[in-house]
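Accompanying notes for the structure given below.
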Amino acid sequence: MTQLMEAARELLSVVMASHWLLLILFLAAAIDAVLPVIPSEGLVVTAGMAAAAGHQNLLLVIVLAMLGSVIGECVCYFLGRGSGPALRRWMRRRDARQAMYDKVSHALHTRGGLILMTVRYIPGARMVATLTAGATAYSFRKFVLFTAAGVTVAYTYVALLGYLGGDAFAHDSLKALGFSLSLAFVIGLLIETTRRIVLRRKAKVAAG
């Protein structure tokens, strides 16, 4: 077990110091926006740790992650725009998916800026929101503006978590990664719990 941990630390140290890390981060952020199967946040955390160790530039980490995500979300937007009817049929195959589509569609055209800036904090909602924005012909200029603002805030926060972990555990990259990811999980859990409580209270007020 000790040897495995040491091997993991060595691998993580190599990744953090690699010149390819920023390119991989950029590509992961772009792909994650279209196909949410790559944990780009984990790479941003790692790059933030690398910045704390002096291997990477923190501002460059944030900028490249932001650019990759904006490009990926723009691709998703145009996929939605080019396949509006097909997208609506795909959404109707599941009640939950259709409900989210209807809710996001309505919200985009009433408070689109807030939705596009915060939707990435709701599990599974970002891709639905970007596809829906394209399918419902939401203003592309506004889409880019609010998306860029949203991803900048999101990736700055994630990169700073990595930087904080890397600074707190400068001599143990594995502990730094565990600390940063745990902190991100706890904060995300608090945000999601708060959101659910607020929604329930709103529903009770509406019902009452």
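Computed quantities for the displayed model
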quantity: Of residues in segment 27-58 being of a type outside the set (A, V, I, L, M) and under 13 Å from the mean Cα position of the chain (by Cα), the one nearest to Y155 (Cα to Cα); calculated: E41
quantity: Number of the condition not met by R81 [criteria: (1) touching a residue at least 60 places away in the same chain (Cβ under 8 Å); (2) under 24 Å from F143 (Cα atoms)]; calculated: (1)
quantity: Enumeration of residues in segment 128-153 that are of a type outside the set (S, T, Y) and crowded, with 20+ Cβ neighbours inside 10 Å; calculated: V128, A129, L131, A133, G134, A135, F143, F146, G150, V151
quantity: Evaluation of D167 against (1) at pLDDT 80 or above; (2) closer than 22 Å to V63 by Cβ (one fails), failing number; calculated: (1)
quantity: Verdict on A47 being surrounded by 18 or more Cβ atoms within 10 Å (Cβ to Cβ) and touching a residue at least 60 places away in the same chain (Cβ under 8 Å); calculated: yes
quantity: Top-ranked residue of segment 53-74 - restricted to ones that are more than 12 Å from A29 (Cβ to Cβ) and assigned to a helix (DSSP H, G or I), ranked as least open to solvent (accessible area, probe 1.4 Å); calculated: C74
quantity: Selection from segment 1-45 of residues that are at pLDDT below 75, outside any helix (DSSP H, G or I) and among the hydroxyl-bearing types (S, T, Y); calculated: none
quantity: Check on V119, at pLDDT 80 or above and surrounded by 22 or more Cβ atoms within 10 Å (Cβ to Cβ); calculated: no
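The values are calculated or read from the model by the stated rules, or taken from the named source; none is laboratory data. This structure is a prediction, so every number in the text was calculated from the model and none was measured. For neighbour counting, all protein chains shown are included, and Cβ atoms are generated from backbone atoms with ideal geometry for every residue, glycine included. Please note that ligands, DNA and RNA were not included when accessible areas were found on the heavy atoms of the full protein model with its side chains. Shrake-Rupley method; radii C 1.70, N 1.55, O 1.52, S 1.80 Å.
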